[in-house]
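Below you'll find the structure, written out as structure tokens, and then a few comments.
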Amino acid sequence: MTIIRLVYAAALDLRTDEAYYWTWSKELQLCFLDHPPMIAWFIRLGTALFGDTNLGVRFAGILAMGATQLLLADIVRRATHNMRAVIIVVLLPEAALYYGLLMAKVAPDVAVIPFALAMIWALVRLAESDDGRWWLAAGLFGGLALLSKFTVVMLLPGVAAFLLVPAWRSRWLFSPYPWCGALIALAVFSPVLIWNVQHDWASFRFQFVRATAPHELSLRTLGDYIGLQFGQVGFVLLPVTLSALSFTAWRGYRTREPVAILLSTAVLVPFLYFLWKSFTLRIGDTWPMFMWPIGFAAVAINIVKLPQDGAPAWFVRSTVRWARIAVVSGIAMVVLIFLYYVAAPWNFLGRADPIGAEAGYQQVAARAEQELKSSGATWIATSDYRTYAMMRWFFRGRVPVIQINERARFIGFRDPGMNLIAGHAGLYVVREPDNAGPLLADTTAHREPLGRVERSWRGRVMDTYAFGRLTGWTPELAPPPDSPLYQWRWLAGEFDSAPRA
């Protein structure tokens, strides 16, 4: 399965968000508007080893998957002392599409998953050893998780329940170790705080606006959320995991057992929160992915604990059988999907295909190369971060690329080469129908249409892009915060009903 992930990582073109995070890895920033900086550092590690290649950008995800499995194995080993349970928990992530294959797709979740799980592992070690110093390790890993993605704060109810519900709460509340652990987490997270203090809390406001944007009640977004969980976790594995978490919660809160309380609360609370939010907001496909590996640990532990709880033999056998079915069917599905994207020539999903929808940008880049030569343009302008990222990825610094709007995304970025921009013609590359928008209306820019190109994948047109020659204007890299070219679309009131994570 690791070989499959390596082949997938090397063979498939980068998706737009992956290329966007790659552009971050070229900057030395304490934080970014969209996310904390850890994913940029992960990519920097991979590209230092393998260069600016598909595998280089994605390599850290391969390492993260291995670290996740090792942590799961040790959590279950310490909780059960049962090698069969350890084998099951190592195989369960392989049976889930997101982990078995898509951990090779770089995203902030690739960084947050091993650190979040390492925090849980440290707390399991604390429960096993009763050594308060493990609070310090938990604080370190918790801070690294926060440095990866903000949604990891949803694990705090699980940590709080682990601290307060068991009989040890008075001892730990009056111990310095938990509070020192919290201070360590805050210190590790401090680069993000420093950057936000310097930039008017931009990334916090960005995430807050996204989470609180007004939306109408929608059963469609609820269905999207549930469907995504079945698709990315597994049609068998998801109910198996939720069932195990329910039994683990019942066992933990009935007996006040710390590890059971920790595992169940750390998953069920964010799962139910996302379920509630999905009535009015489309939940991004990766948002809940940090929590499910913790649920996989609960599945393996539950198999061992059920007989100890006095569960009927038939029920125990059924639980084991369904876990095995989840592993076998899930791994088979992951392999089939891998073969579909790597080896098959067909497009069964049309424009709805999640990989195909972001493929084919080399066609846009090739046409842009031609237009640069024929029009005499020396730089490329775009109006969305996806096109910006893909143009930077394909041109690799040979031509300056500027996203002329949403400049808040690029706070602190290096000069892309203003000597090649100021006073020179630019090539405007924009997806239709955005080319008809009023973005340049209040500027001095003159746009001369140059043509169009279709972006296609496996014979299906995914998007059409328009090209234009820009003259008479130099984009402002750092416009004032009240400028429409500075604000991100969420703050400008353009609330997307289907935001991407």
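General remarks:
- Test set (1) touching a helix residue (DSSP H, G or I) at 6+ places or on another chain (Cβ under 7 Å); (2) assigned to a helix (DSSP H, G or I); (3) over 29 Å from Pro37 (Cα atoms); (4) not small (Gly, Ala, Ser) - Ile113 fails condition number: (3)
- Any hit, region 250-266, residues being closer than 26 Å to Leu92 by Cβ, within 21 Å of the chain's Cα centre (by Cα) and touching a residue at least 40 places away in the same chain (Cβ under 8 Å): yes
- Just one of the listed residues (Arg398, Arg351) is exposed (fewer than 15 other Cβ atoms within 10 Å of the Cβ) and in a helix (DSSP H, G or I), namely Arg351.
- Evaluation of Cys180 against (1) modelled with pLDDT under 90; (2) in a helix (DSSP H, G or I) (one fails), failing number: (1)
- Options Asp384, Asp309; residue that is farther than 30 Å from His424 by Cα and not hydrophobic (A, V, I, L, M, F, W, C): Asp309
- Test result for Arg458, free of Cβ contacts under 8 Å to residues at least 60 places away in the same chain and of a type outside the set (Asp, Glu): no
- Qualifying residue in region 135-151 (condition: part of a helix (DSSP H, G or I), without any contact (Cβ under 8 Å) to a residue 40 or more places away in the chain and surrounded by fewer than 17 Cβ atoms within 10 Å (Cβ to Cβ)): no
- Within region 267-297, being part of a helix (DSSP H, G or I) and over 22 Å from Arg220 (Cβ atoms) holds for Val267, Leu268, Val269, Phe290, Trp292, Pro293, Ile294, Gly295, Phe296, Ala297.
- Subset tally (residues that are assigned to a loop (DSSP other than H, G, I, E, B) and among the acidic types (Asp, Glu)) for region 417-438: 1
- Check on Gly56, of a type outside the set (A, V, I, L, M, F, W, C), out of contact with any strand residue (DSSP E or B) (no Cβ under 7 Å at 6 or more places or on another chain), modelled with pLDDT of 95 or more and over 23 Å from Asp34 (Cβ atoms): no
- Matching residues, region 24-70, being under 16 Å from the mean Cα position of the chain (by Cα) and either part of a loop (DSSP other than H, G, I, E, B) or hydroxyl-bearing (Ser, Thr, Tyr) (or both): Ser25, Cys31, Phe32, Leu33, Asp34, His35, Pro36, Pro37, Thr68
- The set of residues in region 354-382 being part of a helix (DSSP H, G or I) and hydrophobic (A, V, I, L, M, F, W, C) consists of Ala357, Val364, Ala365, Ala366, Ala368, Leu372.
- For region 87-96, the set of residues classified as crowded, with 20+ Cβ neighbours inside 10 Å and in a helix (DSSP H, G or I) consists of Ile88, Val89, Leu91, Leu92, Pro93, Glu94, listed by residue number.
- Only residues that are surrounded by fewer than 12 Cβ atoms within 10 Å (Cβ to Cβ) and under 30 Å from the mean Cα position of the chain (by Cα) were counted across region 438-460, and they come to 1.
- Screening Ala408, Ala466, Ala441 for residues that are over 22 Å from Ser374 (Cβ atoms) and either assigned to a loop (DSSP other than H, G, I, E, B) or at pLDDT 95 or above (or both) leaves exactly one candidate, Ala441.
Okay, residues lined up against (1) out of contact with any helix residue (DSSP H, G or I) (no Cβ under 6 Å at 6 or more places or on another chain); (2) farther than 30 Å from Ile411 by Cα:
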| position | (1), (2) |
| --- | --- |
| Leu33 | no, no |
| Pro36 | no, no |
| Leu72 | no, yes |
| Arg84 | yes, yes |
| Tyr99 | no, yes |
| Ala118 | no, yes |
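The values are calculated or read from the model by the stated rules, or taken from the named source; none is laboratory data. Please read these numbers as outputs of a predicted model, since none were measured by experiment. When we count neighbours, we look across all protein chains shown, and the Cβ atoms used for this are built from the backbone with ideal geometry, even at glycine.
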